[in-house]
Amino acid sequence: MNGIKRIKVLIVDDSPTVRAVLSRVLSDDPDVIVIGMAKDPYEARELIIEYQPDVIILDIEMPRMDGLTFLRKLQKHYPVPVIMCSGVATTNSQAALAAIELGAIDFVAKPVSGGSQALRRLGQDLADKIRAAVIAVPVRPAVPVSTVMSRRSPRSLGLDPSNYLVAIGASTGGTEAIKAVLSCVPADFPPVVIVQHMPAGFTKSFAERLNQFSAMTVTEAVDGDLLKPGHAVVARGEIQMSVTRIGHQLCITYGTDELVNRHCPSVDVLFDSVAKTVGSCAAGVLLTGMGADGAKGLLNMNEQGAVTIAQSRESCVVYGMPKVAAELGAVQHVVAPDNVPNTVMGAFHSRKSHRCS
């Protein structure tokens, strides 16, 4: 931001401790200034009128009015970018995902014990989300893709889906983009592995939510999971996920909690493993998100002969990761999320003579 204009942030949370911690972890960031803190939406309303914040950090559970109700009112009367602040309990994580569907840009896990290092990571993560929020753009509902086109069965095209793998990576805006992809797949689509930048404790709820909208079975990935057609797995938060091979069978392997590109799990870690293990029989899909995670991994997949796809600029909440991938020359196809399955199957079909095993 070059110090020209700091991003004005309003924190709305009924816990004085959470308000104080969030304010403190943001205090050292040169791009961000906390202009006010409120204990509930009614107090927040007055601060919004007075200070006109650029971004609001909003608690989910509050007295007098809950965060989702306030978010709906904000979307109607003051459509400012909102980042939800949620506990990791199942009901809270489900509410955070519902908030994204209502228009929130992203969410962050409430601070818990972990010492100065954990708080520093929270500050960096929250500041990154704030920077993404101010450049995020509302995405208009996509024009539906023909059911016939988007749900073409691999077997109807003469393809064995067990010979292929699809890897998806996303960050800001990715929860809805991934839902759009998986809503359009046939039940026998090749196995799918997913990294969505998301705190630990939320990925299980995210997988369960995706499972409601997809013909595939979607679960949170477990170490050692065998990858098979009709199944998609979501990487668990705060651990790196890779694809490895046991004999002829592809499986999930979890690694360290080390940050890569300031993320754990990292899209690059997943894509690099897919490039090495699956090569030209894979497809890599890089969706909306701030930063560059996944761009070099997609380039690696491209160099190994895989199908590579980036989300189109106009359909992205934040055109960051796909943009960097395109600039690196890693992208073969540019499409909206709901046309990803059609593009993947078309690309695999065009390579039908190529042997994958």
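No value in this document is a laboratory result; all are computed from the given coordinates. Quantities reported herein were computed from a predicted structural model and do not represent experimental measurements. Backbone-built Cβ (ideal geometry, glycine too); neighbour counts: all protein chains shown.
Could you work out [θ]222 nm for the chain from helices alone, using -39500 (n - 2.57) per DSSP H run of at least four and dividing by all its residues? Round to the nearest 500 deg cm²/dmol.
Details: 12 runs with 129 residues, N = 357.
So the helix-based figure for the chain works out to -11000 deg cm²/dmol.
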Legend entry - Charged-residue dipole, Cβ positions (Lys, Arg, Asp, Glu), region 147-350 about Cα centre, Debye nearest 20: 380 debye
Inset, instruction - Sort Tyr254, Tyr51 so that the residue with the fewest other Cβ atoms within 10 Å of its own Cβ comes first and the one with the most comes last. - result: Tyr51, Tyr254
Legend entry - Directionally averaged shadow of region 7-135, computed from the convex hull of its alpha-carbon atoms, nm²: 7.1 nm²
Inset, instruction - Any of Lys228/Lys352; Lys8/Lys129; Lys76/Lys110 with alpha carbons more than 18 Å apart? Name them for me. - result: Lys228/Lys352; Lys76/Lys110
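Hey, what did region 7-135 get for relative contact order, percent, Cα under 8 Å, at least 6 apart? Please report the intermediate quantities before stating the final value.
Working: 206 pairs, mean separation 33.4, N = 129.
Relative contact order here is 26 percent.
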Legend entry - Check: region 7-135 dipole with +1 on Lys, Arg Cβ and -1 on Asp, Glu Cβ, in debye: 60 debye
Legend entry - Descending semi-axes in whole angstrom, ellipsoid equivalent of region 147-350, from the Cα gyration tensor: 21, 19, 17
Legend entry - Compactness of the chain, expressed as Rg and Dmax over alpha-carbon positions, Å: 20.3, 65
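For Phe348, Phe271, what's the fewest-to-most ordering of other Cβ within 10 Å of each Cβ? All intermediate terms of the calculation are to be shown ahead of the outcome.
Values: Phe348 23, Phe271 35.
Ascending Cβ contact count within 10 Å gives the list Phe348, Phe271.
Run through every distinct alpha carbon pair of region 72-226 and return the Kirkwood hydrodynamic radius in angstroms, one decimal place. Provide the component values of the computation, followed by the final result.
Details: mean 1/r = 0.0575 Å⁻¹.
Answer for region 72-226: a Kirkwood hydrodynamic radius of 17.4 Å.
So if I average 1/r over every pair of distinct C-alpha atoms in region 230-274 and take the inverse, what Kirkwood radius in Å does that give? Could the numbers behind the result be given before it?
Values: mean 1/r = 0.0914 Å⁻¹.
For region 230-274, inverting the mean 1/r across all distinct Cα pairs yields 10.9 Å.
Go ahead and run the numbers for FRET between Leu226 and Leu157, Cβ-Cβ distance against an R0 of 25 Å, rounding to 0.05.
On the way: r = 24 Å, r/R0 = 0.96.
It comes to 0.55.
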